[in-house]
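Below you'll find the structure, written out as structure tokens, and then a few comments.
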Amino acid sequence: MFIPQQLKRILISSKLLSEDKFDKLLIAANSRDIDLETYLINQKIIKQADLYEQAAKYWKIPLIKLGGKLIDSEVLKLIPESVARSQQVIAFEKDDKRLKVASLNPENLPVFESIARTTGLKIDLYLTTSKGLADVLEQYKQKLEDKVESVLNKGKETVGMLETKDIKILAQHLPIIKIVDLILEYAVRQDASDIHIEPQEHKMIVRFRVDGVLRDILTLNRSIHLGIVARIKILSELKIDEHRLPQDGRFKQMILGERLDFRVSTLPTYWGEKIVLRLLKGENALLTLKQVGFSDEHLRLVKNYISKPHGIIFVTGPTGSGKTTTLYTMVNILNTSKVNLCTVEDPVEYQIPRVNQCQANSRIGYTFSVGLRALMRQDPDIILVGEIRDNETAGIAINAAMTGHLVLTTFHTNDTVTTLVRLIDMGVPPFLIASTLNIVIAQRLVRKLCPYCRQEYQLTDDDLSEIKRQIPADAFTRLFPSNKPRPKFYRAKGCEHCNHEGCQGRVGIFEILEINDTFANLIIKRVPLEEYRLAAKQQKMVTLLEDGLAKAKQGIISIEEVLRAVRE
């Protein structure tokens, strides 16, 4: 996919667009959170074929159509898959002296020079389309089932070892090691967040969670289960002979050229131990506030309040709503040499340089409240508390905010105003809440529409009636005023880019409640929940629903995803 500067040069030099028109289209694409090339093609402003023909003329290199072309595996592997994917370049043909290479970026000279040095061949450079490149990249993949079957077939002479009762021997069995490596590699390829390994009566099932949804990936004979569990336990330094109690651990592994962190949890079940591995991509995976999904207005609020020297910021929502990611994003912004930033978490998910991260462990009495008290004696400027679970931790955190510290933490409530009521119910004095609380952020994670196959459509009367049935009347009136045309929304049918799911990646939807003088007075008066809701409405707080529908109008997510997330 071309970067905007390249597109600008190609389109203006070929007179497909004027400079003014290009700049306007770039702004429109950015406002919809979509890359410009996809936007131009989806809006039918430019045909993909015309764009790439003009690009080939601009760079004075041949254009090659690779869609449906089967590449010799030995030629394909001359460029490692990790390089091919990250640099958008593939090898597709060779002879004794020359290697034909197709790329989306002919200006990437250091990569081509590196390929020439590595292979010892002269490079013939071609331009290809993003779809053609994606088709060939798929050829690096072989179905996981086929690869596992191949591993087992090659190790037939030692498969009998799977029946051994010696767990250490099982864990060191070469086919077992290779199968575990394959499962981890495929999880990374599919951008999975979790791997579930589940024993059944006669089989073992492997499932990946991708974009928040679990998918069956692999089914194996149950005889292999004990070996896989043993191998993962050894990697994560757990007791391999303990099968009756849950265990937690973690390990690092180099996969596709990247060092990745896996958090491991075992759970004894009726048919054996279930294992869940959480894939943690480390500090390089930390996002910006914009990438997390904050709108411009929400960005302004968050940046304003995290720059304050004291007070407390709550991020709230159900499990799996992205609260930890939001907190770490804030920590990454605040993490400078001028501050002492300390955290107490359970578990420590991402390891960040210069941040003093403490792992809570209730089994040895090191709870959040104990850890927080200890941090207060470490001269902190900013404190992150992984979760407020009890009134003692809440009280210490709020007192820390009152004594000149900025505190970031999470809470389990469904929306912003409920947090105020829950804190009072936990026994935190209202005057402390009113004087220390800066903002409350509620959030959900929703699946983004695939930019390659999403399509615009107009709401029908039936669609509007269904939406009206599911959202409050005043919100419906604000979002769909009768004196204005119906807004257009988007849906995706599924394609090869999104594995025919119609979704690719996730983004947050948010509501942010500012604790101003009005809310401070209401907190001190201990008013009912509905009075907080009324005050938030008068303050024109953008609700989760409204933020979600605004993103749906921009084509980032579907209206169905918004309604599903808000109902949950």
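The values are calculated or read from the model by the stated rules, or taken from the named source; none is laboratory data. All figures in this text were calculated on a predicted structure; none of them were measured in a lab. Note: ideal-geometry Cβ built from the backbone for every residue, glycine included; neighbour counts use all protein chains shown. Ligands, DNA and RNA are excluded from the accessible area calculation, which covers all protein heavy atoms including side chains. Shrake-Rupley method; radii C 1.70, N 1.55, O 1.52, S 1.80 Å.
Within the range 378-391, if we keep just the residues that are at pLDDT below 90 and open to solvent by 80 Å² or more (accessible area, probe 1.4 Å), the residue that is nearest to T329 (Cα to Cα) turns out to be R389.
Here is the figure for the range 99-153: residues that are of a type in the set (D, E) and at pLDDT below 85 total 5.
Can you tell me how many residues within the range 82-110 are open to solvent by 20 Å² or more (accessible area, probe 1.4 Å) and part of a helix (DSSP H, G or I)? Qualifying residue count for the region: 7. Where strands (runs of 3 or more DSSP E) fall entirely within the range 173-271, those with at least 3 residues that are within 23 Å of E81 (Cα to Cα) and either open to solvent by less than 30 Å² (accessible area, probe 1.4 Å) or hydroxyl-bearing (S, T, Y) (or both) are at 258-269. Just to verify a result, which residue in the range 335-354, among those that are open to solvent by less than 30 Å² (accessible area, probe 1.4 Å) and closer than 19 Å to A401 by Cβ, is nearest to the chain's Cα centre (by Cα)? It comes out as E345.
Is it fair to say T436 is modelled with pLDDT under 90, touching a helix residue (DSSP H, G or I) at 6+ places or on another chain (Cβ under 9 Å) and closer than 23 Å to G371 by Cα?
No: the conditions fail for T436.
The rows are residues; the columns are (1) on the phi > 0 side of the Ramachandran plot; (2) in a helix (DSSP H, G or I); (3) touching a strand residue (DSSP E or B) at 6+ places or on another chain (Cβ under 8 Å).
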| site | (1), (2), (3) |
| --- | --- |
| R444 | no, no, yes |
| R447 | no, no, yes |
| D474 | no, yes, no |
| P481 | no, no, no |
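Return the pairs, sorted by first residue and then second, in which the second residue is open to solvent by 60 Å² or more (accessible area, probe 1.4 Å) and modelled with pLDDT of 90 or more, the first residue lies in the range 362-386 and is more than 16 Å from H310 (Cβ to Cβ), the beta carbons are less than 8 Å apart, and the residues are 6+ apart or on different chains. Between residues of the range 362-386 that are more than 16 Å from H310 (Cβ to Cβ) and residues that are open to solvent by 60 Å² or more (accessible area, probe 1.4 Å) and modelled with pLDDT of 90 or more, the close pairs are Q378/N356. Being touching an Asp or Glu at 6+ places or on another chain (Cβ under 7 Å), surrounded by 14 or more Cβ atoms within 10 Å (Cβ to Cβ), not polar (S, T, N, Q) and not in a loop (DSSP other than H, G, I, E, B) is a condition met by no residue of the range 39-46. Here L7 clears all of (1) assigned to a helix (DSSP H, G or I); (2) among the hydrophobic types (A, V, I, L, M, F, W, C); (3) buried (at least 17 other Cβ atoms within 10 Å of the Cβ); (4) at pLDDT 85 or above except the condition numbered (4). Taking into account only those residues within the range 415-458 that are of a type in the set (S, T, Y) and crowded, with 21+ Cβ neighbours inside 10 Å, which is farthest from the chain's Cα centre (by Cα)? Here the residue is T436.
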